[in-house]
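The values are calculated or read from the model by the stated rules, or taken from the named source; none is laboratory data. Fair warning: this is a prediction, and the values are worked out from it, not measured in the lab. A quick note on method: Cβ atoms are made from the backbone with ideal geometry, for glycine too, and the neighbour counts reach across all protein chains shown.
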Amino acid sequence: MSHVVSPIREKLVSGGKSYHDVTQDICRQVEGAPTKEWKIAFGISCVIFTYGAYCLGYTWWQGIGVWGLNKTVGWAWDITNFVWWVGIGHAGTLISAVLLLFRQKWRTSINRSAEAMTIFAVLCAASFILAHMGRPWLFHWALPLPNTFGSLWVNFNSPLVWDVFAISTYLSVSLVFWYMGLVPDLATIRDRAQTKASKFWYGLFSLGWTGSAKTWARYEYVSLILAGISTPLVLSVHTIVSMDFATSVIPGWHTTIFPPYFVAGAIFSGFAMVQTLLLVTRVTFKLEDYITIEHIEMMNIVITVTGSIVGIAYLTEFFIAWYSGVEYESYCFVNRATGPYWWAYWMMMTCNVISPQVFWFKKVRQSILLSFVISVVVNIGMWFERFVIIVSSLHRDYLPSSWAMFSPTRYDIGDYLFSFGLFFTLFFLFAKFLPVINMFEVKAVMKGVSTKYPKKQVAHKQIEKEDTKIGEEVSES
Amino acid sequence: MENTKKRYWRGIEELKNEPDFVKNAHREFGDAPSADAKGGEIFDGTDSNRRDFLKVLGFGVSAVSLAACQAPVKNTIPYLNKPDDVEPTIANWYASTYIDGGDCSPILVKTREGRPVKIEGNGVFNTALSARVHASLLSLYDNEKLKSPQIAGKPADWKAVDGEIMAGLAKIAAAGGQIRIVSNTIVSPTTKKVIGDFISKYPTAKHITYDANSLSGLITANGGILPNYNFANAKTIVSVGADFLGTWISPAIFSSQWAKNRKLDSSKEGNKQMSRHYQFETIMSTTGANADYRATYKPSQEGLVVAALYNAVAAKVGGTTISSPAVKVENIEKAATDLVASKGASLVVSGSNDAEVQKVVVAINSLLGAYGSTITSGSSLNYRQGDDASMSSFISEVKSGQVGAVIFYNANPVYNHPKGAELGEALSKVALTISTNDRADETGILCKYNTPDSHYLESWNDAEPQSGTYSFSQPTISTIFLTRQAQSSLLKWAGQNADYAAYLAANWSSKLSGGYSAWSKALNDGVVQMTPSSSFNVPQTGLQDAIASIAKNYKSSDKLELAIYEKVGMGTGSQANNPWLQEFPEPVSKACWANYATVSLATAKKLGLAQEVELDTLEVEVSIDGKSVKLPFLVQPGQADDTVAIAIGYGRTKAGKSADGVGVNIYPFASFVNGNISFSNVGNVQVKATGEQAQIARTQTHNTVMAREAVVQETVLSEYQKNVKAGRYEPTILTAEGKKSAMDVSLWNGHKYNNHHWGMVIDLNSCTGCGSCVVSCTSENNVPVVGRQEVINRREMHWLRIDRYYSSDAQAEDLSGLEKASANPEVVFQPMLCQHCNNAPCETVCPVLATTHSTEGLNQMTYNRCIGTRYCANNCPYKVRRFNWFRYFQTDDFDFNLNNDLGRMVLNPDVTVRSRGVMEKCSFCVQRIQAGKLEAKKEKRRPKDGEIITACAQSCPTNAITFGDKNDPESAISKILAIEKEGRAFGVIEEINVSPNISYLVKVRNKDRAAVKEEAKVEHKEHS
């Protein structure tokens, strides 16, 4: 991998940072005592996590009857949350794998936390797969495991089984990819470590990384291969999730547009979530030089593009509902927009289609506050999108006699909070104990050592002066 | 070869080979003292070494974990001496009779290992049973009944109770005090004989009969008996407020008669004639919902409607007309025309309890020549014998302290008589009060002695539902509690042998020719037909007096009036503590677990009440002359404007957990007209919102079918006669090869059914929505009761539901207009259960193959395999799958019959009780299919058609449901389908090609097409 950055491009890292500064800036959070902000934020997450865990525990003990589901609406918040989290989990892999293959250098400062977010989001999603089951203690029956029942196998026709494969593959590949990328940085921390404990733990997880040329070469092969494996997953996971709906007979679910529509929506919501988290990390960890306005703007552009794709998908659904002439399908869409759940539909439309359009203005695109607000709004909108698809389709399907309404209970809300608690607890642990920015990749895209300045020797010397070890690693790459 | 191997010794001891050393040589620490030497045990720890410690630890850990894994032990106790006629797993069937007050039906009782588990109709008489009869099985296992006799609320033994009662009676009799036996209608001739014996012992005793749903006026008008109506012979039926398909007299039997003239046949020479049914009523009853023409009147107009109908008929047949105040009710003239046109095959019935009104009805029927054709001569019905006047005078006697002793014979007047409260207060004036009620209910609690009667399934008895037809009861289980049949009690107190079984046998052995063996045969068959004992003549009526009375009592007014009605499931409230009935959705309103005040939409607007949304509504206070009740209101399409209607049977206070505090008691609001109870009140009725929110548990909240022709298909008779496919909706798709039926384009390969292919046909034309099938299914398939809150949460578990749709006046494009029902809508009932699709959408989506397709076309559910993703339920277009949101058995949150050992005895042992977190649904009674096939296999033959039948099909009073093998060309279902495939048969939303195994037959209304359109127009105008 060569790190060629066009000379006319804006610097990807600002503030005239040296390699040592990078190491210092990133490792400071890992090595220092927890900051007050971190403690407060982590404390809040833990409280939410504990309350959520109580609610989830109660749900499991009593049965999912504590939710607001009924005979007509068999899925609501559970699967809405599941799809929402899986969607959020798309950005990480997209950023690290697809953007890597497309040589998008700006990804380097955000890919680490995006990948971490992916993994935590997929874990949250997985928690809803478990929680939504009537008998979660038998979840392993959904896996094609050898068993004592004879030739009893899973139903390979069922999209839920495809889901199991898709999600578990995605989780394992993402985890490996993320961990792989962490190894060089873990080694840096190991080498700087002061205490025995951190020497031991970072040493253990850096897998004896030496930073030799051979190691770096192998590292590059593996990350390319993993990027290659992950790329189709970005498309396949949400495609398969969408098939849960698309292969059914329920009006509003039974649509061929779902796979691309869901993938676009997933990237949309994933980027919005990355944006939200980065803007917070940027401020709290003072990483303005690494996560620059340029980054924020790029992210906003992706959000606008994917948001518009999603908007077109919404309109296409309506057109097809009318054009098909299927009475149930057209009723379903009229009902979405004007029925009892109209507010959810218009919430979705406003948040997802209208709000990102303000990014056509450069000023807005570069405004940190507005970027933050809209990234949150988009994720609210994407949650409502899944709610609209699931609940508004189910609650009025074919036979009017079974039409019913769904309203959430405190356990629907509590179990959703659980996933937030889990997500943020994990994310803050990650932010404290692991480098939130990929140090060695950032160093690689710094103009100071890029090919634009062929004074390699000078640079080398400078580096040696500052930090021999890190200099070596970077120059190797 | 010499052994050159070097040897080393462990010590001098080994070299010397000392015996002490040799003994311990195998030990790791050879010189360690042995366990034996010390005599210690490893388990007491006195002499354990390291290995022992590990052994004990290992054993301990595994033992503890194994013990923790062990399931709770439940003992099955085998018979020490097996009863001769009980074979484990083999059901025994006994003929018996359901008796609840005046209601009675000949039944067959299925018992398993000595306990009754299912009730079916006795085919010797008429298999038609109402939902209440099916549900009465559960009342047997009600553990809130009295478990022993009581004296002043304290358990006592029978000897003490009998002693005190007999002493008390003797004392009162000696003093010449009055003794009263108060009962509901007694249909048992032998019980009446017992009461006769009691009265001859105590000559001051008098038997008072009353009925909570009194028909005293009808009896008076017909010369002391109930006419034996025969709806099967009627071509034109006019009912003025008689809910004969739902609650009136004997609804199940009337339904089966009524349906005989609603069966159509699409083959060329098939029957294409139907009876025409007019209904005039205040509330929207089940009967009104099934009528071809329906009009509403206010309770104050009831007499006037009957009088107007008389005049219209008399004018046409040339009888004497009478002058009566005019009344503006639709369809009277038209009904009269049809009645006269089918003279000799016409029938007018009225639900009024006013004898004067009923006299006019008698006069109309006489003019129409109904006697001898639609009213069977020489026969009477015995379901109601109550006399309101004698009950009223009894209450005044008690109030004035003239009664010395009273025996409430299975009667609860304190609750279910309008003057019950007065009676309750006055009871303290009676020296000796005895109740034979099964529980310490509202009346029983006020009595000194409670001598609980046994449940009818534990009892010997007989019944005479109609003159000449006798039906017998025999115990199907020994008494569960220390109860004694009330007849035995009366015999005992009369100083006779208390063995009622012997009394009954002696009575019948003498009556039946053939003596005791004839009696045995009668018990075996359950029913005996004899020459009717009562003769019936056309009653003479004083028409002029009747009209004068009507003119006096009925005056049209604009005031709000109260109508009191009976619900199909709950009835008079005698079985209120039966959770199956509490959870039974009323056919029309689809509400359960309470009563509520129904009003028309126009009246709701007038009263300033917002229409309810989903299940949320407002609480209203209904008050009349100082009495008031608070209950939720419900907009009921089809109800007369300016009326409010409330059902009896609720508001029990001493019936048990399932009934107490559910709804309000409306009996006290009934008024009296001409001495008879009138189930209405035209006094100063006030309805106002209390400002409280309320909810009504309803199983269906969306009332209209949204013009979805693929769901419900209907037509009118004249169209059907022209084209047997009238009303059918046949979607086509344009393909490359031209137009094709939507069902012919498929991605599915289909299944092969080499042996059986089970299917069902449901005739929408004869389904009355009565719900008998719903309770029968609940009973057969162990469907749990979930309670009011869970019904509000839309989680009722009924495998079979009956969808009820009202018509709407809006055009098909007006989606929000379609949601609103017409003011006087047409109604259609559609039983909805698992359609056992051949291309089942649920089967493809289950991740674990818990729901699969059988080789016989059944969509089967494997509970054990289900992990509860609910994907199948979401993907079911019919929404018939039910999920176990909680554990519904042995859970205090669901404190119904499955939460106590006695209540669980009702479970059908052939059907699994589903655990929490699994999906369930209609199985087409697969346990019956398997049992039937096994039976046939044992006899080395194929199952015969009709031998295997689902619970719903078996219990349908109108035979609207036909179940059978579609692969057997001789089966009834194959024959129907062969004809109706090109006629009325359709699959619900069949265009989505799930290929359901249930076909529905188009509903045909005997209505003029023009009238339908015009009516719609008129109503539409009224609306807009």
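What's the number of the condition B:I477 fails, among (1) in contact (Cβ under 8 Å) with a residue 60 or more places away in the chain; (2) crowded, with 20+ Cβ neighbours inside 10 Å; (3) over 27 Å from B:G401 (Cα atoms)?
All conditions are met except number (2).
Among (1) at the interface with chain B (Cβ under 9 Å from one of its Cβ atoms); (2) over 30 Å from B:G987 (Cβ atoms); (3) among the small types (G, A, S), which single condition is A:S402 missing?
(2)
Check off (1) free of Cβ contacts under 8 Å to residues at least 60 places away in the same chain; (2) in contact with an Asp or Glu (Cβ under 8 Å, 6 or more places away or on another chain); (3) more than 14 Å from chain B (Cβ to nearest Cβ) for A:N352 and give me the number that stays unchecked.
(1)
Would a scan of the range A:143-154 turn up a residue that is more than 14 Å from chain B (Cβ to nearest Cβ), in a loop (DSSP other than H, G, I, E, B) and either over 11 Å from the mean Cα position of the chain (by Cα) or at pLDDT 95 or above (or both)?
Checked against the condition, which is being more than 14 Å from chain B (Cβ to nearest Cβ), in a loop (DSSP other than H, G, I, E, B) and either over 11 Å from the mean Cα position of the chain (by Cα) or at pLDDT 95 or above (or both), the range A:143-154 yields at least one hit.
Listed residues A:Q366, A:Q357; which is over 30 Å from A:W61 (Cβ atoms), among the polar types (S, T, N, Q), in contact with an Asp or Glu (Cβ under 7 Å, 6 or more places away or on another chain) and surrounded by fewer than 21 Cβ atoms within 10 Å (Cβ to Cβ)?
A:Q366
Select from the range B:103-135 the residues that are farther than 17 Å from B:A463 by Cα, in a helix (DSSP H, G or I) and in contact with a strand residue (DSSP E or B) (Cβ under 8 Å, 6 or more places away or on another chain) and list them in ascending order.
If the condition is that a residue be farther than 17 Å from B:A463 by Cα, in a helix (DSSP H, G or I) and in contact with a strand residue (DSSP E or B) (Cβ under 8 Å, 6 or more places away or on another chain), then B:R132, B:H134 are the ones that fit.
Look at A:L394 and say whether it is within 14 Å of chain B (Cβ to nearest Cβ), surrounded by 18 or more Cβ atoms within 10 Å (Cβ to Cβ) and modelled with pLDDT of 95 or more.
Here the answer is yes, as A:L394 does meet what is asked.
Taking the range B:773-797 only, how many residues are in contact with a Pro (Cβ under 8 Å, 6 or more places away or on another chain) and closer than 16 Å to A:T72 by Cβ?
Adding up the residues that qualify gives 2.
So B:G917 ticks every box in (1) more than 8 Å from chain A (Cβ to nearest Cβ); (2) assigned to a loop (DSSP other than H, G, I, E, B); (3) not hydroxyl-bearing (S, T, Y) but one. Which box is left unticked?
So B:G917 meets the others, but not (1).
Hey, B:Q721 hits all of (1) part of a loop (DSSP other than H, G, I, E, B); (2) more than 26 Å from the chain's Cα centre (by Cα); (3) within 30 Å of B:D1008 (Cβ to Cβ); (4) not charged (D, E, K, R) but one; which does it fall short on?
Against the list (1) part of a loop (DSSP other than H, G, I, E, B); (2) more than 26 Å from the chain's Cα centre (by Cα); (3) within 30 Å of B:D1008 (Cβ to Cβ); (4) not charged (D, E, K, R), B:Q721 comes up short only on (1).
Is it the case that B:D965 is surrounded by fewer than 16 Cβ atoms within 10 Å (Cβ to Cβ) and either modelled with pLDDT under 95 or more than 22 Å from B:F829 (Cα to Cα) (or both)?
no
Would you check if there is a residue in the range B:206-219 being among the aromatic types (F, W, Y) and surrounded by fewer than 23 Cβ atoms within 10 Å (Cβ to Cβ)?
no
Looking at the range B:963-979, which of its residues are touching a helix residue (DSSP H, G or I) at 6+ places or on another chain (Cβ under 8 Å) and under 15 Å from B:P996 (Cβ atoms)?
Within the range B:963-979, B:F963, B:K966 qualify.
Just for helices (runs of 4 or more DSSP H) wholly inside the range A:10-128: which have at least 2 residues that are modelled with pLDDT under 85 and away from every other protein chain (no Cβ under 14 Å)? Give the steps one after another, and end with the answer.
Numbers: elements: A:19-31, A:36-62, A:77-88, A:90-93.
Here the list reads A:19-31, A:90-93.
When you scan the range A:170-178, do you find a residue that is within 24 Å of the chain's Cα centre (by Cα), more than 14 Å from every other protein chain (Cβ to nearest Cβ) and surrounded by fewer than 14 Cβ atoms within 10 Å (Cβ to Cβ), even just one?
Yes, the range A:170-178 contains a residue that is within 24 Å of the chain's Cα centre (by Cα), more than 14 Å from every other protein chain (Cβ to nearest Cβ) and surrounded by fewer than 14 Cβ atoms within 10 Å (Cβ to Cβ).
Where in the range B:275-368 are there helices (runs of 4 or more DSSP H), lying wholly inside it, with at least 2 residues that are surrounded by fewer than 24 Cβ atoms within 10 Å (Cβ to Cβ) and at negative phi?
The helices (runs of 4 or more DSSP H) meeting that bar are B:302-317, B:332-341, B:355-367.
Are any residues in the range B:407-434 closer than 22 Å to B:A175 by Cα and either crowded, with 20+ Cβ neighbours inside 10 Å or of a type in the set (A, V, I, L, M) (or both), and if so, which ones?
Scanning the range B:407-434 gives B:I407, B:F408, B:A426, B:L427, B:V430, B:A431, B:L432, B:T433, B:I434.
When the range B:81-110 is examined, which residues are found to be out of contact with any helix residue (DSSP H, G or I) (no Cβ under 9 Å at 6 or more places or on another chain) and among the polar types (S, T, N, Q)?
Those that are out of contact with any helix residue (DSSP H, G or I) (no Cβ under 9 Å at 6 or more places or on another chain) and among the polar types (S, T, N, Q): B:N81, B:T89, B:N92.
Of everything in the range A:433-444, what is at pLDDT 90 or above and either among the β-branched types (V, I, T) or more than 10 Å from A:L182 (Cα to Cα) (or both)? Give them in sequence order.
Across the range A:433-444, the qualifying residue is only A:F433.
Test of understanding: among B:V711, B:V724, which residue is facing chain A (nearest Cβ under 10 Å) and either surrounded by fewer than 17 Cβ atoms within 10 Å (Cβ to Cβ) or of a type outside the set (G, A, S) (or both)?
Selected residue: B:V711, the only one of B:V711, B:V724 that is facing chain A (nearest Cβ under 10 Å) and either surrounded by fewer than 17 Cβ atoms within 10 Å (Cβ to Cβ) or of a type outside the set (G, A, S) (or both).
Those residues that are surrounded by 16 or more Cβ atoms within 10 Å (Cβ to Cβ) and either among the hydroxyl-bearing types (S, T, Y) or over 27 Å from B:V774 (Cβ atoms) (or both), I need them from the range B:67-121; list them, please.
Correct list: B:Y94, B:S96, B:T97, B:Y98, B:S105, B:T111.
This table checks each residue for (1) among the acidic types (D, E); (2) surrounded by 23 or more Cβ atoms within 10 Å (Cβ to Cβ); (3) in contact (Cβ under 8 Å) with a residue 24 or more places away in the chain.
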residue	(1), (2), (3)
A:G57	no, no, no
A:G74	no, yes, yes
A:W84	no, yes, yes
A:H90	no, yes, yes
A:L101	no, no, yes
A:R107	no, yes, no
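Conditions first: (1) hydroxyl-bearing (S, T, Y); (2) touching a helix residue (DSSP H, G or I) at 6+ places or on another chain (Cβ under 6 Å); (3) in contact (Cβ under 8 Å) with a residue 24 or more places away in the chain. B:S380 passes all but one, so which condition is the exception?
The one condition B:S380 does not meet is (2).
In the range B:807-822, what residues are acidic (D, E) and either surrounded by fewer than 20 Cβ atoms within 10 Å (Cβ to Cβ) or within 11 Å of chain A (Cβ to nearest Cβ) (or both)? Full working, then the answer.
Residues of the range B:807-822 that are acidic (D, E), as a first pass: B:809, B:813-814, B:819.
B:E813, B:D814, B:E819 - these are the residues of the range B:807-822 that are acidic (D, E) and either surrounded by fewer than 20 Cβ atoms within 10 Å (Cβ to Cβ) or within 11 Å of chain A (Cβ to nearest Cβ) (or both).
Can you find, within the range B:890-911, the residue that is farthest from B:G787 (Cα to Cα) among those that are touching a strand residue (DSSP E or B) at 6+ places or on another chain (Cβ under 9 Å) and of a type outside the set (D, E, K, R)? Spell out the reasoning first.
Filtering the range B:890-911 for residues touching a strand residue (DSSP E or B) at 6+ places or on another chain (Cβ under 9 Å) gives B:905-910.
Then drop every residue that is not of a type outside the set (D, E, K, R), which leaves B:905-909.
On the way: B:M905: 19, B:V906: 18, B:L907: 18, B:N908: 21, B:P909: 23 Å.
Here the answer is B:P909.
Give B:A610, B:A591 a once-over and let me know the one that is under 23 Å from B:N793 (Cβ atoms) and either modelled with pLDDT of 95 or more or in contact with a Leu (Cβ under 6 Å, 6 or more places away or on another chain) (or both).
Being under 23 Å from B:N793 (Cβ atoms) and either modelled with pLDDT of 95 or more or in contact with a Leu (Cβ under 6 Å, 6 or more places away or on another chain) (or both) holds for just one of B:A610, B:A591, which is B:A591.
Free of Cβ contacts under 8 Å to residues at least 40 places away in the same chain and out of contact with any strand residue (DSSP E or B) (no Cβ under 6 Å at 6 or more places or on another chain): is that true of B:F254 in this structure?
Against the criterion (free of Cβ contacts under 8 Å to residues at least 40 places away in the same chain and out of contact with any strand residue (DSSP E or B) (no Cβ under 6 Å at 6 or more places or on another chain)), B:F254 qualifies.
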